Amino acid sequence: MFQNTLEYAKQQDSQDPLASFKKKFHIPKNASGEDLIYLCGNSLGLQPVLTSEYIKEELQDWANLGVEGHVQGKHPWLPYHEFLTKNMAKIVGAKPSEVVVMNTLTTNLHLMMVSFYQPTKTKYKIVIESDAFPSDKYAMESQLKYHGVDPKDGLILWKPREGEELCRFEDLEEIMSENGDEIALLMIGSTNYYTGQSFPLKKITDLGHKYNCKVGFDLAHGAGNIQPDLHDSGADFAVWCTYKYLNSGPGSLGGCFVHERHANNKDLNRFAGWWGHNKDTRFNMRKDFDALPGAEGWQLSNPPILSMAAIRASLDTFAEAGFENLRKKSIKLTGYLEFLLDEMKNDAINVITPRNPEERGCQLSIQVKNADRNLHNKLTDAGVISDWREPDVIRIAPTPLYNSFEDVYKFSEKLTQVLKK
Ligand SMILES: *Cc1c(COP(=O)(O)O)cnc(C)c1O
């Protein structure tokens with residue numbers, strides 16, 4: 001149904017109900033002032049036009065009100081995190097009480113491990129996917145060591161089979177049937193950052209729970225990309241960042257999900273801080289810690305409002321577009337990229353991301369035989385912002401909010417030219 005022409009791509013853009021959202025973002029430009037083809041939203045999302053306006057409002061309230069901004073600001077800072085919750089919960093498929101924006105991803109991962117990784121002498125192992133993002137692996141290894149476990153013994157990798165790139169669910173089932181009694185936690189990236197493979201969250205959760213394990217997900221590449229349905233998956237916890245698909249700026253705050261069945265469980269270990277304490281007595285500094293119910297009870301500090309203003313701007317942009325509409329466009333846009341790559345009929349390139357749209361988000365990971373970083377540099381010179389991963393993979397992420405069919409078409413043209421050289 002797709003066609004390999006610029007006219008077709010332009011025609012798709014003209015029929016795209018979300019096409020106008022490109023104008024709601026700052027698109028990076030080359031030295032001559034022309035838009036670059038930005039296909040790197042999986043690494044750092046672009047800046048919504050609304051962002052500076054939202055941040056300026058907070059700067060203005062701070063200038064005009066000083067400390068009174070906590071209660072008298074247009075968006076008072078005391079409850080500011082609450083202004084993000086409803087839209088964020090929608091994006092990850094959770095109930096508002098299950099979601100909070102706080103800290104950064106790896107910090108939240110450690111905080112969740114304090115509560116949900118409670119190893120015993122016999123049940124202490126952790127399963128992760130073998131190509132997990134390095135930070136996640138370091139976090140798991142350091143948690144194992146902290147509990148006196150040698151990571152060589154305690155960390156089980158869910159690996160692709162010899163000669164394959166993707167993880168198979170059957171192999172996770174086998175790991176569980178062989179080691180389930182010794183495993184305490186499954187911690188999986190919902191969408192793998194390298195291959196772009198999205199895992200079935202509910203199936204993995206059910207499997208882990210069958211063996212009495214806790215199950216957590218890292219949605220760094222899932223939030224704002226796929227529809228994770230966290231609540232229905234039954235996962236115990238999840239963490240994510242907001243600077244990739246959620247367009248909230250470099251190093252911006254992370255999100256955290258705690259399933260509602262844990263909302264009032266005061267027996268869980270947790271590292272506490274005043275922002276997780278009962279709001280009514282938070283400023284009565286002499287009270288014993290009284291955790292807020294739900295995910296909010298895991299907060300530590302009063303949060304950076306300027307970063308939260310950026311998240312609010314981004315979430316408002318998402319809400320305006322509607323997540324279902326975005327996902328619909330995303331499936332088509334990435335399908336178009338896949339079609340154009342197939343049309344190249346070049347044996348040197350191989351898409352390692354799953355072919356089934358249900359098993360991926362917008363990213364396609366393209367393995368290029370005998371290529372090195374030079375290929376990526378040539379694409380950059382040709383005006384394409386993409387992402388290179390050693391040894392031989394370019395990751396291309398057409399995001400439905402600000403990428404067009406024309407972007408995807410022009411990328412395929414430039415890739416064809418660069419590969420010919
Ligand atoms: C981007 C990413 C991170 C980054 O962690 P920060 O704590 O936000 O620096 C961690 N894990 C995964 C899977 C990621 O994709």
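Here the peptides 61-71, 129-139 are ranked by packing, the mean other Cβ count within 10 Å, and the order with the highest first is 129-139, 61-71.
With N counted as the residues of the chain, its alpha-carbon radius of gyration over 2.2 N^0.38 Å works out to 1.02.
To make sure I understand the rule: partners must be aspartates and glutamates, Cα under 18 Å from the Cα of residue 29, and not fewer than 8 residues away in the same chain. Which ones qualify? Here the aspartates and glutamates satisfying the reach criterion relative to residue 29 are 381, 387, 406, 407. What would the Debye equation give as log₁₀ I(q)/I(0) for segment 132-291 at q = 0.09, 0.10, 0.17 Å⁻¹, counting only Cα atoms as equal point scatterers? Each listed q maps to, in turn, -0.36, -0.44, -1.18. Between residue 339 and residue 67, the simple label model (points 7 Å from Cα in the Cβ direction) yields a spacing of 6.2 nm. Using the Karplus relation 6.51 cos²θ - 1.76 cosθ + 1.60 with θ = phi - 60°, the per-residue 3J(HN,Hα) values for segment 85-90 come to 5, 4, 5, 5, 4, 5 Hz, with x marking Gly and Pro.
With Cα atoms as the point set, the radius of gyration and Dmax of segment 302-403 evaluate to 16.6, 54 Å. Among 306-314, 168-176, the peptide with the highest mean count of other Cβ atoms within 10 Å heads the list, and the full ranking is 306-314, 168-176.
The GNM of the chain, with springs linking C-alpha atoms under 10 angstrom apart, assigns the highest mean-square fluctuation among 286, 395, 327 to 286. Applying a threshold of 29 Å to the alpha-carbon distances of 159/266; 244/420; 328/421; 86/214 flags 159/266; 244/420; 328/421 as lying beyond it.
Explain nothing, just the number: relative contact order of the chain, from Cα pairs under 8 Å at least 6 residues apart, as a whole percent. Reported relative contact order: 23 percent. Within a straight-line Cα-Cα reach of under 19 Å, residue 345 can be paired with the following aspartates and glutamates, leaving aside sequence neighbours fewer than 8 residues apart in one chain: 392, 413. Taking θ = phi - 60°, what integer Hz values does the Karplus form 6.51 cos²θ - 1.76 cosθ + 1.60 yield along segment 342-358, in sequence order, with x for Gly and Pro? The phi angles translate into 5, 4, 5, 6, 10, 5, 6, 10, 9, 7, 8, 5, x, 6, 7, x, 5 Hz. Taking the full set of protein chains and a 1.4 angstrom probe, give the accessible area of residue 355 in square angstrom, rounded to the nearest 10. Using a 1.4 Å probe on the heavy atoms, I get roughly 120 Å². Listed peptides 106-119, 367-380 appear in the order 106-119, 367-380 once ranked by packing, highest mean of other Cβ atoms within 10 Å at the front. Using a Gaussian network model of the chain in which every pair of alpha carbons under 10 angstrom is joined by a spring, one finds that among 322, 335, 148 the greatest mean-square fluctuation is at 148. If the reach is capped at under 16 angstrom between alpha carbons, list the lysines near residue 74, excluding any in the same chain fewer than eight residues apart. Hits, sequence-local ones excluded: 56. Normalised by the number of residues in segment 53-139, the mean separation of alpha-carbon contacts (under 8 Å, six or more apart) gives a relative contact order of 15 percent. Rounded to the nearest whole Hz, the Karplus-based 3J(HN,Hα) values (6.51 cos²θ - 1.76 cosθ + 1.60, θ = phi - 60°) of segment 135-142 follow the sequence 4, 5, 5, 4, 4, 5, 4, 6, with x at glycine and proline.
This model, with +1 at the C-beta of Lys and Arg and -1 at the C-beta of Asp and Glu, gives the chain a dipole about its Cα centre of some 540 debye.
The values are calculated or read from the model by the stated rules, or taken from the named source; none is laboratory data. Note that the structure is predicted; figures quoted are calculated from it, not measured. Heads up, the Cβs are rebuilt from the backbone with ideal geometry, glycines too, and the neighbour counts pull from every protein chain shown. When the accessible area is computed, the model is the full protein with side chains, heavy atoms only, and any ligands, DNA or RNA have been set aside. Shrake-Rupley method; radii C 1.70, N 1.55, O 1.52, S 1.80 Å.
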